[in-house]
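*Asks:* Sharing a structure below in structure tokens format, with a few things to ask.
The values are calculated or read from the model by the stated rules, or taken from the named source; none is laboratory data. Computed from a predicted model, the values in this text were never measured in an experiment. Methodologically, a virtual Cβ is constructed for each residue, glycine included, from the backbone with ideal geometry; neighbour enumeration extends over all protein chains shown. To get the accessible areas, we keep the full protein, side chains included, count just its heavy atoms, and leave off ligands, DNA and RNA. Shrake-Rupley method; radii C 1.70, N 1.55, O 1.52, S 1.80 Å.
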Protein chains: 2
Amino acid sequence: MTVNHQQYLQAAIDEAQKGLDHGGIPIGSVLVHDGNIIGRGHNQRVQKGSTVLHGEMDALENAGRQSAAVYRASTLYTTLSPCPMCSGTIILYGIQHVVIGENQNFQGEEDWLQSRGVTVTVLNDTTCINMMAQFIREKPALWNEDIGV
Amino acid sequence: MTVNHQQYLQAAIDEAQKGLDHGGIPIGSVLVHDGNIIGRGHNQRVQKGSTVLHGEMDALENAGRQSAAVYRASTLYTTLSPCPMCSGTIILYGIQHVVIGENQNFQGEEDWLQSRGVTVTVLNDTTCINMMAQFIREKPALWNEDIGV
């Protein structure tokens, strides 16, 4: 089966943009099962004062409680390479495939994911790269806070 | 400095018990900085329908946005060995010390934490072991859902 990654990545980018529009950190994510988006979300550090709702976490939280079978057959799309927290969550739930918008501005735990059998696809999408680069340039302190620096 | 782990572990156990009293999964956690508990929480899968608020995550969320310096000087106490998600969060925020109530009923990513320089102290406290063992016996499906099985 050929999957059109771009369609789902665009949904993640739309989430990132929504976050940016509300003064937040522009990282978005969607969880896709059987071709359907079952959860979408974006970083909520600013908007909710959340330290755990990175984009990927917000998408998973919004997907609600799912069975292990659903997670295992799902693909997680994220605009930015997943940090240790988000990578650990992918491993916890046995998500088998992660599609990453870009890893130029930040590289997370891709090696760890792959060592645990997760398929990692990096698109290095120009929209993702530019959006994140601009944000880091404009709000370096907020970005550092988000990655524990 | 001698730290009395039992005092903080007891606060984590109290959180776990609070969760149990409300029909939830009995895992609790506290974040301790400079001898003070700055965040406390417990697993919120049942109570909030949350897939990301494990006990450790709830404690960190309730601690609110902290500087990297605070995280680095903090110790996280948890009643149960931290799963990949919670371990990844510990690494993300550079928490240097994790004190674990027990790892008999579940062993998380202790090796990974140690490989990243985190000090891992396992107490194997009888109260923690018994509380979790009883819960797993009584509600195996809920427990499996919590660890992605």
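*Asks:* Run the dipole for segment B:1-121 about the Cα centre, Lys and Arg Cβ at +1, Asp and Glu Cβ at -1, nothing else charged, and hand back the magnitude in debye, nearest 20.
*Replies:* Rounded to the nearest 20 debye, it is 260 debye.
*Asks:* Moving to a separate point now. Once the Cα gyration tensor of the protein assembly as shown is diagonalised, what are the square roots of 5 times its eigenvalues, in whole Å and ordered largest first, as equivalent ellipsoid semi-axes?
*Replies:* They are 31, 22, 16 Å, listed from largest to smallest.
*Asks:* If you take every DSSP beta bridge whose two residues both sit in the protein assembly as shown, what share of them, in percent to the nearest 5, is antiparallel?
*Replies:* Bridges in the protein assembly as shown are about 55 percent antiparallel.
*Asks:* Follow-up question, since we're still on this one. Mind checking the dipole of the protein assembly as shown: about its Cα centre, +1 per Lys or Arg Cβ, -1 per Asp or Glu Cβ, Debye to the nearest 20?
*Replies:* Result for the protein assembly as shown is approximately 240 debye, rounded to the nearest 20.
*Asks:* I've got another one for you. Go through segment A:119-125 residue by residue and turn each phi into a ³J(HN,Hα) via Karplus (6.51, -1.76, 1.60, θ = phi - 60°); whole Hz please, and just put x for glycine and proline.
*Replies:* Those phi angles translate into 7, 10, 10, 10, 8, 6, 6 Hz.
*Asks:* In segment A:52-70, what residues drop by 20 Å² or more of accessible area when the other protein chains are put back, versus the chain on its own? Use 1.4 Å, and skip ligands and nucleic acids.
*Replies:* Residues meeting the cut-off: A:52, A:57, A:61, A:65, A:68.
*Asks:* Also, quick follow-up: So what is the calculated 222 nm ellipticity per residue for the protein assembly as shown, using -39500 (n - 2.57) for each DSSP H run with n of 4 or more, over all residues, to the nearest 500 deg cm²/dmol?
*Replies:* On the way: 16 runs with 140 residues, N = 298.
Computed ellipticity for the protein assembly as shown at 222 nm equals -13000 deg cm²/dmol.
*Asks:* Now, a different point. Projected onto the charge dipole of segment B:31-139 (+1 at Lys/Arg Cβ, -1 at Asp/Glu Cβ, origin at the Cα centre), which of B:38, B:121, B:76 gives the Cα projection farthest towards the positive end?
*Replies:* Comparing the listed Cα positions along the dipole, B:38 ranks first.
*Asks:* At a cut-off of 20 Å², which residues of segment B:104-130 become less accessible once all protein chains are present than in their chain alone, using a 1.4 Å probe?
*Replies:* B:109, B:112, B:116
*Asks:* For an R0 of 30 angstrom, estimate the FRET efficiency from the Cβ-Cβ distance between residue A:134 and residue B:72 and round to the nearest 0.05.
*Replies:* 0.55
*Asks:* Here's a follow-up. What nm value, rounded to one decimal, do you get for the distance between residue A:37 and residue A:21 when each label is placed 7 Å out toward the C-beta?
*Replies:* According to this spin-label approximation, the distance is 1.2 nm.
*Asks:* Please give the per residue accessible area of the protein assembly as shown, computed with a probe of 1.4 Å over protein heavy atoms only, in Å².
*Replies:* For the protein assembly as shown, the solvent-accessible area averages 39 Å² per residue.
*Asks:* Something else: Just to compare against my own numbers: the Cα pair-distance distribution for chain B, 5 Å bins, whole % per bin, please.
*Replies:* For chain B, the pair-distance distribution reads 2, 11, 22, 25, 22, 12, 5, 1, 0.
*Asks:* Could you check what % of the DSSP bridge pairs in chain B are antiparallel, to the nearest 5?
*Replies:* Rounded to the nearest five, the antiparallel share is 55 percent.
*Asks:* At a threshold of 8 angstrom on Cα-Cα distance, excluding pairs fewer than six apart, so keeping six or more, what relative contact order does chain B reach in percent? List each step's numbers first, then the result.
*Replies:* Working: 309 pairs, mean separation 27.3, N = 149.
In percent, rounded to a whole number, it is 18.
*Asks:* Suppose a student asked you for the relative contact order of segment B:23-94, using Cα pairs under 8 Å spaced at least 6 residues apart; what percent would you report?
*Replies:* With pairs under 8 Å counted, the relative contact order is 34 percent.
*Asks:* From largest accessible area down, sort B:127, B:121, A:79; use a 1.4 Å probe on the protein chains.
*Replies:* Correct descending sequence by accessible area is B:127, B:121, A:79.
*Asks:* Still on this model: Please report how far the C-alpha centroid of segment A:1-48 lies from that of segment B:75-149, rounded to the nearest whole angstrom.
*Replies:* With segment A:1-48 and segment B:75-149 each reduced to a Cα centre, they are spaced 30 Å.
*Asks:* Let me ask another. Please state the equivalent ellipsoid semi-axes for segment B:16-78: what are the square roots of 5 times the Cα gyration tensor eigenvalues, largest first, in whole Å?
*Replies:* 23, 12, 7
*Asks:* Same structure, new question: Which of the lysines could a cross-linker bridge to residue A:48, judged by Cα under 30 Å and excluding same-chain residues fewer than eight apart?
*Replies:* Those lysines meeting the cut-off are A:18, A:139, B:18, B:48.
*Asks:* Measuring label to label, 7 Å along Cα→Cβ, what does residue B:70 give against each other copy in nm, shortest first?
*Replies:* From this label point to the equivalent ones elsewhere in the assembly: 3.5 nm.
*Asks:* When Lys and Arg each count +1 and Asp and Glu each count -1, what net charge do the other residues less than 12 Å away from residue B:71, Cβ to Cβ, add up to?
*Replies:* +1
*Asks:* Right, next: May I ask you to work out the translational diffusion coefficient for segment A:109-149 at 20 °C, viscosity 1.002 mPa s, via Stokes-Einstein with Rh from the Kirkwood sum over Cα pairs, reported in whole µm²/s? Walk me through the numbers before you get to the answer.
*Replies:* On the way: Rh = 12.1 Å.
Diffusion coefficient, whole number: 176 µm²/s.
*Asks:* I've got another one for you. Please arrange A:56, B:138, B:145 by accessible surface area, largest first, computed with a 1.4 Å probe and ligands excluded.
*Replies:* Details: A:56 10, B:138 120, B:145 40 Å².
So, going from the largest accessible area down, we get B:138, B:145, A:56.
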